């Protein structure tokens, strides 16, 4: 049986991803905290921009954690964790680490999540577009 190559996020790629998210944050003038985790939810790369909010470091890491452990974008959880959603009370689990607002995106290799990026410090939209900038770097690397 042939060996199947699997995409992994190494330190170099994680740094490229955080740098891309940071560049987008500079472009839109929104100081951010940015985290990239591997498939085991281990922190690989983190940057906190000057002037970023105080809660940002924890939120960025937890957005990435939520995405990698639940295989979902954090923004997609908003309606699901509402009292009438299918996951009410989810945010109370995992020591309160599960985040249900935009800025966390998993990195997919086929059907497998190999990591995630989490961004916090701006509005819903700003966090999301900066995370998407980091994901674009991952997508280019995974298609190489």
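Taking segment 109-128 as the region of interest, how many residues are closer than 26 Å to residue 51 by Cβ, touching a residue at least 60 places away in the same chain (Cβ under 8 Å) and either buried (at least 24 other Cβ atoms within 10 Å of the Cβ) or in contact with a strand residue (DSSP E or B) (Cβ under 9 Å, 6 or more places away or on another chain) (or both)? Break it down stepwise before answering.
Looking only at segment 109-128, we keep the residues that are closer than 26 Å to residue 51 by Cβ, and these are 116-128.
If we keep only those that are touching a residue at least 60 places away in the same chain (Cβ under 8 Å) as well, we get 116-123, 126-127.
Then drop every residue that is not either buried (at least 24 other Cβ atoms within 10 Å of the Cβ) or in contact with a strand residue (DSSP E or B) (Cβ under 9 Å, 6 or more places away or on another chain) (or both), which leaves 116-121, 126-127.
The total comes to 8.
Checking each residue in segment 20-45 for being part of a helix (DSSP H, G or I) and without any contact (Cβ under 8 Å) to a residue 24 or more places away in the chain picks out 26, 27. Filter segment 59-83 down to the residues that are part of a helix (DSSP H, G or I) and without any contact (Cβ under 8 Å) to a residue 12 or more places away in the chain and list them by number. The one that is part of a helix (DSSP H, G or I) and without any contact (Cβ under 8 Å) to a residue 12 or more places away in the chain: 76. Kindly evaluate residue 48 against the criterion of being under 18 Å from residue 31 (Cβ atoms) and without any contact (Cβ under 8 Å) to a residue 40 or more places away in the chain. Here the answer is yes, as residue 48 does meet what is asked.
Determine whether segment 79-97 contains at least one residue that is closer than 25 Å to residue 8 by Cβ and touching a helix residue (DSSP H, G or I) at 6+ places or on another chain (Cβ under 6 Å). Please lay out each step first, then the result.
Step one: filter segment 79-97 for residues closer than 25 Å to residue 8 by Cβ, giving 94, 97.
Applying the additional criterion that residues be touching a helix residue (DSSP H, G or I) at 6+ places or on another chain (Cβ under 6 Å) yields 97.
Among the residues of segment 79-97, at least one is closer than 25 Å to residue 8 by Cβ and touching a helix residue (DSSP H, G or I) at 6+ places or on another chain (Cβ under 6 Å), which makes the answer yes.
Filtered by the rule that a residue be under 16 Å from residue 115 (Cα atoms) and in contact with a helix residue (DSSP H, G or I) (Cβ under 8 Å, 6 or more places away or on another chain), segment 41-64 gives 41, 43, 44, 45, 46, 63. Taken over segment 24-52, the criterion of being buried (at least 20 other Cβ atoms within 10 Å of the Cβ) and either under 15 Å from residue 103 (Cα atoms) or at pLDDT below 95 (or both) is satisfied by 24, 25, 30, 32, 33, 34, 35, 36, 37, 52.
The values are calculated or read from the model by the stated rules, or taken from the named source; none is laboratory data. Not measured: the values here are computed from a predicted model. Neighbour counts run over all protein chains shown; Cβ positions are idealised from the backbone, glycine included.
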